[in-house]
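Undergrad: Just passing along the structure, written as structure tokens.
All of the numbers you see were taken from the coordinates with simple rules; none came from a lab. Note that the structure is predicted; figures quoted are calculated from it, not measured. Heads up, the Cβs are rebuilt from the backbone with ideal geometry, glycines too, and the neighbour counts pull from every protein chain shown.
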Amino acid sequence: MSELLTSPAQALGGARFDGLVCVEEAPLQGMITLRGDFASPGFANVVSSAAATDMPGQREVRGTQDKALMWMSPDELALLCPYAEAAPMAAKLADMLAGSHALVANVSDARAHFLLKGPGLRDVIAKLAPVDMAPGAMPPGTLRRTRFAQVAAGIWMQDDATAQIFCFRSVAQYMFDLLSTAAAPESAVGHF
Amino acid sequence: MLILDCPYCGVSAEETELSAGGEAHVTREGPGSADDAFESYLFMRENPQGVHFERWRHSHGCGKWFHAARCTRTLEVFGTYSAQTTEPPQGIRDAISQKRPGWSWRDLA
Ligand SMILES: [Zn+2]
């Protein structure tokens, strides 16, 4: 049995691996799952003003790690915010959306996030996920839900040399090991 | 390898990102239905070599269910379409007719 954590902590304590790319567990990240009718002005106005950004289009991310909206499906968004703001933000959103058909869930403690940095990241990701990583198919600003080997994951292409990968916190070690193996220095592919 | 375009998130999803959901457009017979109808709902499925209609779920993606029309012999995909329908849309039927003239499937043709 693991002991009860007395304060919020990253799943892997900020684990880091340097290889073809730098793989690093991201600092604690606030993430709120939002579901509702995007076509309803009430829903769209509430969530886009909370994130201080426009509604993202299909498979888009709008904003920065501090405040962003990710398009997860035609009726699901993920709002990124600083970790400490997630709980009050979720409470505020639930309040503002009360009475409409919507769901708000603070999933910050149920996720682990990794940052991949380096120009070789398209090759590293392509080893693990059934995704066309060509720059034209995955330009910066794209959000792609997929699987990495055996676990579900999301990829946010922040720019051509930075990607944020997120998964369930319970598989954080598996994900870190996968990414580190695919980034092993002698395993360059050089496709992209 | 089978690649299906998810009509909900627009991704060209490779088979391992999807979960198969069995035959499409099965009428779910409920309490009060005739025994024959209930039996065929429970047990009778098409198993064609050729044109087939199926349900799929983009389980390692946007999570949505959708429909696909494909050829089980060649893996050629005729098209994918919304889950919110009880029969294939005309555009899908036309696409099949163009490539498999004279096709039939259950009471569709
Ligand atoms: Zn999808």
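Undergrad: Under a Cβ-only charge scheme (Lys and Arg +1, Asp and Glu -1), can you give me the dipole magnitude of chain B about the Cα centre, in debye to the nearest 20? Mind dumping the intermediate values first?
TA: Details: 11 positive and 15 negative charges, 56 e Å.
With only Lys, Arg, Asp and Glu charged at Cβ, the dipole is about 260 debye.
Undergrad: Moving to a separate point now. Let me test this: with uniform point scatterers at the alpha carbons of chain B, what is the Debye-based log₁₀ I(q)/I(0) at q = 0.14, 0.21, 0.23 1/Å?
TA: -0.58, -1.16, -1.30
Undergrad: If we count every other residue with Cβ under 13 angstrom of residue A:29's Cβ, Lys/Arg +1 and Asp/Glu -1, where does the sum land? Write down the numbers at each step before the final one.
TA: Values: positive: A:67, A:111, A:169; negative: A:24, A:25, A:66, A:85, A:109.
My count for the surroundings of residue A:29 gives -2.
Undergrad: Among residues other than residue A:44 whose Cβ falls under 15 Å from its Cβ, what is the net charge (Lys/Arg +1, Asp/Glu -1)?
TA: Residues close to residue A:44 contribute a combined charge of -3.
Undergrad: log10 I(q)/I(0), Debye, Cα-only the protein assembly as shown, no solvent, q = 0.09, 0.13, 0.14 Å⁻¹?
TA: -0.55, -1.00, -1.09
Undergrad: Counting Lys and Arg as +1 and Asp and Glu as -1, what is the net charge of the other residues whose Cβ lies under 15 Å from the Cβ of residue A:131? Write out the running numbers ahead of the final one.
TA: Values: positive: A:59, A:122, A:127, A:144, A:145, A:147; negative: A:123, A:132, B:5, B:14, B:15, B:17.
Once all neighbours under 15 Å are counted, the net charge is 0.
Undergrad: Can you spot the lysines whose alpha carbon is less than 29 Å from residue A:117's alpha carbon? Ignore those fewer than 8 places along the same chain.
TA: Filter leaves A:67, A:127.
Undergrad: Shifting gears a bit: Just from the alpha-carbon atoms, what are the Rg and Dmax of the stretch A:36-92 in angstroms?
TA: Over the stretch A:36-92's Cα set, Rg and Dmax evaluate to 10.6, 30 Å.
Undergrad: Using 1/(1 + (r/R0)^6) with R0 = 51 angstrom and r between the beta carbons of residue A:85 and residue B:25, what's the FRET efficiency to the nearest 0.05?
TA: Working: r = 47 Å, r/R0 = 0.92.
The pair residue A:85/residue B:25 has a calculated efficiency of 0.65.
Undergrad: Right, another one. If I take R0 = 22 Å and measure r between the Cβ atoms of residue B:33 and residue B:84 in this structure, what FRET efficiency does the formula 1/(1 + (r/R0)^6) give, to the nearest 0.05? Please list the in-between numbers first.
TA: Details: r = 23 Å, r/R0 = 1.05.
It comes out at approximately 0.45.
Undergrad: A further question on this structure: For chain A, set up a GNM with springs between Cα atoms under 10 Å and report which of A:144, A:16, A:111 has the largest fluctuation.
TA: A:16
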